[in-house]
């Protein structure tokens, strides 16, 4: 029967101290990272695809972020983001204002005119480091025509 000290000397000579354990640990971390990354790769690819789809020409970005930001509904915003051509976007904006027209079908849309009047008022009276419509008083004025 071999001596237990001799067996430990053979094992310690063939396996560097801590080396095999460290290599296995590194390998398991790498495999775990790869597995986790593969789970999230489809999510990030979908997010990249959504980001590319949401790139709008500047006038439409401005309309969505500034002009209609407080009066557009979430469903309308989602529908607008799905549009693929500028012609569709232009038609959407025309329909958007027409849905809010108190006198549908008339040439004059008093809601739209009032909305843009309030935006102009905000930018004249509430603007500081940011545009007037981005301030709290500006938002309240756009939505309720009330000056805090």
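The values are calculated or read from the model by the stated rules, or taken from the named source; none is laboratory data. Here the structure is a predicted model, which means the values were calculated and not measured. Virtual Cβ from ideal backbone geometry, glycine too; neighbours counted across all protein chains shown.
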- Can you find even one residue in segment 71-91 that is in contact (Cβ under 8 Å) with a residue 60 or more places away in the chain and under 16 Å from residue 143 (Cβ atoms)? yes
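If I filter segment 126-133 for residues that are at pLDDT below 95, part of a helix (DSSP H, G or I) and surrounded by 12 or more Cβ atoms within 10 Å (Cβ to Cβ), do I get at least one hit? Spell out the reasoning first.
In the first step, residues of segment 126-133 are kept if they are at pLDDT below 95; the result is 126-133.
Restricting the remaining residues to those that are part of a helix (DSSP H, G or I) gives 132-133.
From what is left, the residues that are surrounded by 12 or more Cβ atoms within 10 Å (Cβ to Cβ) are 132-133.
For segment 126-133, residues at pLDDT below 95, part of a helix (DSSP H, G or I) and surrounded by 12 or more Cβ atoms within 10 Å (Cβ to Cβ): present.
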- Message: I'd like to check which helices (runs of 4 or more DSSP H) are fully inside segment 19-125 and have at least 2 residues that are more than 17 Å from the chain's Cα centre (by Cα) and modelled with pLDDT under 80.
- Response: 19-53, 110-125
